[in-house]
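Data block below; observations after.
The values are calculated or read from the model by the stated rules, or taken from the named source; none is laboratory data. The model shown is predicted, which means the values in this text are computed figures rather than measured ones. Note: ideal-geometry Cβ built from the backbone for every residue, glycine included; neighbour counts use all protein chains shown.
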Amino acid sequence: MAEQDCSLHQEFNNSEGGLFLSYSIDPKNTTKIACALRRIFPDHGRKFKQSIELVMAGDLEGSIRCETPGVFEIACGEVPAGKTGDYAGIAGLWSAQNGDIVLAAPKGSVRIIAQNIELLSNGDQGKTGHVSVVANGKFRTYSRDLDLEAVEKAAIVSEVGLNIIGSGGVTVEGGGLTVEEGSDVKGVPGVSAVEGGSKTNIEWFRQYERFFKKWFG
């Protein structure tokens, strides 16, 4: 990308803060800031500056960059919009016409606290319309009631063990019920159903197929 012309650069500041016009923010002079409000720190031992920058040219053209070494707080909603219209009851709105919204806290947690929390995925039910939750630790849920409903298929799979416990009872309903028990032949799984257990060779093959799909795609 070509270098940007910052010949109109001007500064209006004192020892505490200022207004900065027409300058570049990268060593190759490819990203130009039209104007910025910035605090002047008395020391230079901070990784982040405290500023609001309007990007004029470069990869982030048309963007707004905000940095702060402290807390970035937005307080609103004391008097939200009325009961009618597109903004009825809305106190805060972050709308992205295209692209993704990313919330990242590599060394912390992301918390969402509200009276109700809704995750709505309005896709085409093909490549989009999904809700994915990936955790390399525990996935914990605690609630008074838990409802899981699938229009087509539902699967609960565990590579080690699966416990379904109902203190008051367990009810399983369906057009048919199949219970598969693995073979108890040590070291030679799936040799034959007569060796112990009820799983046939075809059922073992399906289990191996699921295993290889998980680890090798």
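Among the residues making up segment 2-52, those that are exposed (fewer than 13 other Cβ atoms within 10 Å of the Cβ) and touching a Gly at 6+ places or on another chain (Cβ under 7 Å) are 11, 12, 40. Pairs linking a residue in segment 78-90 that is more than 20 Å from residue 116 (Cβ to Cβ) to a residue that is not β-branched (Val, Ile, Thr), with Cβ atoms under 7 Å and 6 or more positions apart or on different chains, are 82/88. Note on segment 6-39: residues that are over 36 Å from the mean Cα position of the chain (by Cα), in a loop (DSSP other than H, G, I, E, B) and of a type in the set (D, E, K, R) total 1. Can you spot a residue in segment 180-188 that is at pLDDT 70 or above, of a type in the set (Ser, Thr, Tyr) and over 30 Å from residue 91 (Cβ atoms)? No, segment 180-188 contains no residue that is at pLDDT 70 or above, of a type in the set (Ser, Thr, Tyr) and over 30 Å from residue 91 (Cβ atoms). Among residues of segment 99-122 that are over 24 Å from residue 77 (Cβ atoms), those with a beta-carbon under 7 Å from a residue that is of a type outside the set (Gly, Ala, Ser) at least six positions away or on a different chain give the pairs 121/130; 121/131. Cβ separations smaller than 9 Å between residues 6+ apart or across chains give the following pairs from segment 157-168 residues that are of a type in the set (D, E, K, R) to residues that are surrounded by 10 or more Cβ atoms within 10 Å (Cβ to Cβ): 159/211; 159/214. Contact map, segment 3-21: residues that are within 15 Å of residue 53 (Cα to Cα) paired with residues that are among the aliphatic types (A, V, I, L, M) and outside any strand (DSSP E or B), Cβ distance under 6 Å, separation 6+ or inter-chain. Pairs shown: 17/40.
For segment 52-63, the count of residues that are touching a Ser or Thr at 6+ places or on another chain (Cβ under 8 Å), over 22 Å from residue 94 (Cα atoms) and without any contact (Cβ under 8 Å) to a residue 24 or more places away in the chain is zero.
Yes/no matrix, rows are residues, columns are (1) farther than 30 Å from residue 109 by Cβ; (2) among the aliphatic types (A, V, I, L, M); (3) modelled with pLDDT under 85:
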site	(1), (2), (3)
128	no, no, no
138	no, no, no
144	no, no, no
151	yes, yes, no
214	no, no, yes
